[in-house]
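Report on the structure given below.
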Amino acid sequence: MFQIYSVELAASSLMASTIASRSSFFMSFVRRKYIYAAASANSFFTTSKHTDVRRGAEVNSASRSADVQFTVFYRFPHITTARFISRLKLYQTAVVVLAVPPTVYSYSIGAVELGLCAGVTGASVLALIMLYIAANFFQRVVGLVALSSDQKLVRLSHLTFFGRRNDIIVPVDDIVPISDVGQRTNDVLVKVYRYSTTDKLYMSLLYGHIENRETFQKVFGIID
């Protein structure tokens, strides 16, 4: 009896040590990712590692291969905050989901109660749902809009699922004018439509900054 009790005590101690070690790892992981997300948030306006080029008939082979220069005429300053929240939500979800297996195992050996196990599992499901909603929204918010030097291409910069910057380059003629879809420019978000796809992006004329009004109206039509 004494030997069985000793084995159970040793197993419980080992499990407690394992849980504590993993909890420490999770906290360290969150802290590192929080610092990384905060430090890299402002780089949206300066760097881009991903470019998605959507070409129409107006874009010839010379334009495809040339190093086209773009001039920014619209900027959404709060995109850095959206980027930070997007990355933080991703890291938070990863931590909660990774906590499920050790919690379930702990419940299976009687180290934790059913309520705790159900709570962690429910929190992970809720975190995944919220991550999907948040990521789906933040990926559609335009942070920068730029016009090429030949005034034939428009570059729309937005966030990816992982909070990185992605550039979509399309012909100017592919952009549907805001006035043609009956939107109010004083709304918090204005939808950006393209003729070549049913996908839509969002801009905020209310909180965004139009750096060149003439260029903006040349691309998106006359605004009030």
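The values are calculated or read from the model by the stated rules, or taken from the named source; none is laboratory data. What you see is a predicted model, and the numbers here were worked out from it, not measured in a lab. No Cβ is skipped: glycine too gets one built from the backbone with ideal geometry, and neighbour counts run over all protein chains shown.
Mind listing whichever residues of the stretch 206-224 are modelled with pLDDT under 90 and of a type in the set (A, V, I, L, M)?
L206, I222, I223 - these are the residues of the stretch 206-224 that are modelled with pLDDT under 90 and of a type in the set (A, V, I, L, M).
Report yes if some residue within the stretch 180-201 is in a helix (DSSP H, G or I) and either at pLDDT below 90 or in contact with an Asp or Glu (Cβ under 6 Å, 6 or more places away or on another chain) (or both); otherwise report no.
Yes; the residues of the stretch 180-201 include at least one that is in a helix (DSSP H, G or I) and either at pLDDT below 90 or in contact with an Asp or Glu (Cβ under 6 Å, 6 or more places away or on another chain) (or both).
Which residues, taken from the stretch 96-133, are surrounded by 17 or more Cβ atoms within 10 Å (Cβ to Cβ) and within 21 Å of R164 (Cα to Cα)?
A127, L131
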